[in-house]
Every structure is written in structure tokens, then in C-alpha cells.
Amino acid sequence: MPMVSSGFRELQEKLHDLPPRQAVIAAAHDEHTLQAVFAARRDGLIRPILVGHGEEIRSIAHRLGEKLEEDQVIEADGDQDCARRAVALIREGRGEMLIKGMLQTGTLLKAVVSKEQGIRKSQVMSHVAILDVPTYHKLLFITDGGMVVAPDLEQKRHILKNAVEFCRFLGYDNPKVGVLCAVETVTHTMPETEDAARLKEEGARGEFGRCEVEGPISLDLATDREAARAKHYHSPVAGDADILLVPAIAVGNVLGKALYGLAGGEMAGVVLGASVPITVNSRGATAQEKYWSILICAAMDNQAAETVGKEADHVSDFGS
């Protein structure tokens with residue numbers, strides 16, 4: 001397939017022939033979640049197992065005109081029980097992807113990273129927000145605005161590697177990475193600029209595989225060719241970034257919400273670093289947004305979620 005997708009709908013066209021993946025939905029008793037899940041089932045993307053309040057799940061399915069087999073619904077009581085049972089199904093080999101329903105991201109991820117009963121495969125896990133923004137010519141991958149609060153240089157290396165490998169799996173031959181900062185020059189008063197310069201050097205040495213890494217670089221230069229020309233900033237990444245690596249969770253969270261809300265974009269969210277890909281849309285997300293996250297996860301091989309990384313002490317939900 002082509003190496004770059006202009007948006008979710010183009011990506012959907014590329015992926016429509018994939019065999020359906022077994023999906024486990026944690027706290028599935030939510031209409032928007034089930035609308036997305038049933039749409040993905042109709043499109044041949046997934047075969048769902050629904051964990052949560054069984055009576056409510058069946059009632060919503062009936063209202064939506066969808067049929068359920070008896071073994072498709074697993075009864076669970078409360079958010080923690082939903083998370084625990086859903087993760088247990090993944091451990092048993094009954095699911096190839098994990099979908100967040102009506103529960104907090106932190107509750108689900110605590111079950112995922114449990115030392116005794118979790119499904120974490122790498123030391124650090126990271127979040128990627130995938131944005132389809134009307135004013136940009138292709139999909140944008142923002143990381144990490146959902147998990148790693150204040151990454152140090154070593155964590156940034158792993159976050160970058162996660163995102164690059166994720167893009168490669170989706171068909172990107174040479175992902176372009178902008179390591180975002182407020183300025184384009186290295187200054188000791190802004191430590192993130194020093195990290196960005198180091199990551200650029202390591203990228204040039206091939207330490208992240210085939211990709212273009214640029215930094216420090218500002219948001220306008222990473223996404224606007226005219227701005228780069230005006231400032232005489234020359235880089236293959238300028239105006240054409242695929243991945244935006246942010247210096248802290250607050251930056252990624254605000255940037256994602258701004259592009260999604262004020263700029264009229266559509267967003268999907270994926271957590272990498274577990275044995276399967278995980279969707280983590282806000283509980284208030286629309287059915288369409290949740291569908292895009294399912295689409296992204298359905299496109300991933302299990303090994304794409306096993307990227308090298310290190311988990312942060314805190315987790316954050318895009319909007320909870």
C-alpha cells in the first residue's frame with residue numbers, strides 16, 4: 001500500500017481486506033462504544049468479546065438491531081472487575097486487541113501493567129494520538145500526550161522508537177519525526193532542546209532505523225512549508241512531519257485537543273508496549289472516533305505493540 005495516508009478514510013480503504021481480529025472490550029456497556037464495535041464488526045475488522053454489565057450490553061445491542069451470541073458477553077461488575085476480566089481474556093489468548101469502553105484509562109492500564117496478571121511486554125509504555133486534521137495534508141502522530149508525564153532523554157528514545165515502529169507497520173517506509181520545542185536552536189535554558197539535538201544525532205546514525213529525525217524544531221516549521229521557507233529552515237521534515245514528539249505530557253495533551261477540537265480534526269488513540277494494541281479514547285468520544293481507534297489497532301500485528309519502552313508512573317486520559 002502507499003507509504004503515507006492522507007486521512008482515516010484513505011487508511012480504511014487500504015485495510016478493508018484484513019482478516020477480522022479478536023477484540024476484547026472492557027466495560028462494553030456504553031452505546032457509543034458498542035456503535036463503534038458493531039460498525040467494525042460489520043466492516044469485517046473485528047470479532048468482539050464484550051465484558052461488562054451483561055443486561056445493559058444486550059439491551060443496547062437490541063436497540064441497535066445487533067445480534068449477540070451467548071458466549072460473546074462476559075459478565076463483570078464495576079470498572080476494576082471489567083478491566084481485570086478483559087485483561088485476563090487477553091492473557092488466555094482470546095483477544096488480539098483491547099478496547100476501552102466506559103471506564104477510566106488509568107483503571108484499565110493498572111490492570112494491563114499488573115506484575116502478576118497484566119499483559120505489559122516492555123518496561124515503558126507510550127501513547128500515540130493519531131490526528132486527521134483538515135488543514136494538514138496527511139495523518140499526524142503525536143506522542144506522548146497520554147502516559148509519560150515528563151520524559152527524560154532515555155524515555156524519549158523509547159517513545160520515539162515506539163512511534164516510528166508503529167508508523168512502519170502502517171506502511172510508512174521512512175517516517176519523518178519532528179522533536180518539538182519552542183525554538184529551533186539549542187539552549188541550556190531549555191533542556192528539551194538539548195534532548196532534541198541528541199535525538200537528531202542518534203537518528204542520523206540509524207539508531208531508530210530508517211527515519212528522518214529533526215530537532216529542535218517548532219510546530220510551525222514541522223507542519224508548514226511556507227513558514228520553513230520564510231525562516232530559511234532546511235530539513236526533509238520541515239512542513240512534512242509524520243510524527244510530532246512532544247517534550248512533556250501537557251504539550252501533547254493540549255496539542256492533541258487543540259487539533260481535535262478547535263481545528264476540527266478527528267482523533268484516534270493507541271497505547272503501545274503491551275502484548276496487544278490498546279485503544280484509549282475518552283469516555284466522551286463519539287462512536288466515529290472510537291471506530292478510528294479500532295481501525296488503527298486492527299491494522300497492527302501483535303508484535304507492533306511489543307516495542308521497546310519504559311512505563312511512566314502516571315497515566316492520563318485525553319479528556320477522561
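The values are calculated or read from the model by the stated rules, or taken from the named source; none is laboratory data. Everything quoted here is computed from the prediction, not taken from an experiment. Methodologically, a virtual Cβ is constructed for each residue, glycine included, from the backbone with ideal geometry; neighbour enumeration extends over all protein chains shown. Side chains included, ligands, DNA and RNA excluded: accessible areas come from the protein's heavy atoms. Shrake-Rupley method; radii C 1.70, N 1.55, O 1.52, S 1.80 Å.
Data table
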item: Checking L103 against (1) over 14 Å from I294 (Cα atoms); (2) outside any helix (DSSP H, G or I); (3) open to solvent by 10 Å² or more (accessible area, probe 1.4 Å), the condition it does not meet; result: (3)
item: Residue within segment 171-182 that is without any contact (Cβ under 8 Å) to a residue 40 or more places away in the chain and of a type in the set (V, I, T) present; result: no
item: Any hit, segment 16-34, residues being open to solvent by 10 Å² or more (accessible area, probe 1.4 Å), more than 19 Å from S282 (Cβ to Cβ) and of a type in the set (V, I, T); result: no
item: Test for A285: is it over 26 Å from D152 (Cβ atoms), surrounded by 24 or more Cβ atoms within 10 Å (Cβ to Cβ) and either touching a Leu at 6+ places or on another chain (Cβ under 6 Å) or aliphatic (A, V, I, L, M) (or both); result: yes
item: Members of segment 255-265 found to be touching a residue at least 12 places away in the same chain (Cβ under 8 Å) and surrounded by fewer than 19 Cβ atoms within 10 Å (Cβ to Cβ), listed by number; result: K257, A263, G264
item: Single condition E69 does not satisfy, out of (1) modelled with pLDDT under 95; (2) on the phi > 0 side of the Ramachandran plot; result: (2)
item: Every residue from segment 36-93 that is open to solvent by less than 20 Å² (accessible area, probe 1.4 Å) and not in a helix (DSSP H, G or I); result: L45, I46, P48, I49, L50, V51, G52, V73, A76
item: Single unsatisfied condition, A268 versus (1) closer than 18 Å to P151 by Cβ; (2) within 21 Å of the chain's Cα centre (by Cα); (3) crowded, with 22+ Cβ neighbours inside 10 Å; result: (1)
item: Helices (runs of 4 or more DSSP H) contained in segment 210-298 and holding at least 3 residues not hydrophobic (A, V, I, L, M, F, W, C); result: 225-230, 249-257, 287-298
item: Whichever residue in segment 123-151 is hydroxyl-bearing (S, T, Y) and in a loop (DSSP other than H, G, I, E, B) and, among such residues, is least open to solvent (accessible area, probe 1.4 Å); result: Y136
item: Complete set of residues in segment 9-35 that are part of a helix (DSSP H, G or I), at pLDDT 95 or above and touching a Leu at 6+ places or on another chain (Cβ under 8 Å); result: E31, L34, Q35
item: Among (1) at pLDDT 95 or above; (2) not in a strand (DSSP E or B), the one test that K115 misses; result: (1)
item: Residues satisfying the stated conditions in segment 169-192, i.e. in contact with a Cys (Cβ under 8 Å, 6 or more places away or on another chain) and not in a loop (DSSP other than H, G, I, E, B); result: K176, V177, E192
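A quick yes/no check of all residues on (1) in contact with a helix residue (DSSP H, G or I) (Cβ under 6 Å, 6 or more places away or on another chain); (2) open to solvent by 60 Å² or more (accessible area, probe 1.4 Å):
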{"position": "E201", "(1), (2)": "no, yes"}
{"position": "R205", "(1), (2)": "no, yes"}
{"position": "P216", "(1), (2)": "yes, no"}
{"position": "T223", "(1), (2)": "no, no"}
{"position": "H232", "(1), (2)": "no, yes"}
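Okay, residues lined up against (1) under 16 Å from the mean Cα position of the chain (by Cα); (2) open to solvent by 20 Å² or more (accessible area, probe 1.4 Å):
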| site | (1), (2) |
| --- | --- |
| L153 | no, yes |
| N162 | yes, no |
| F169 | yes, yes |
| D173 | no, yes |
| T193 | no, no |
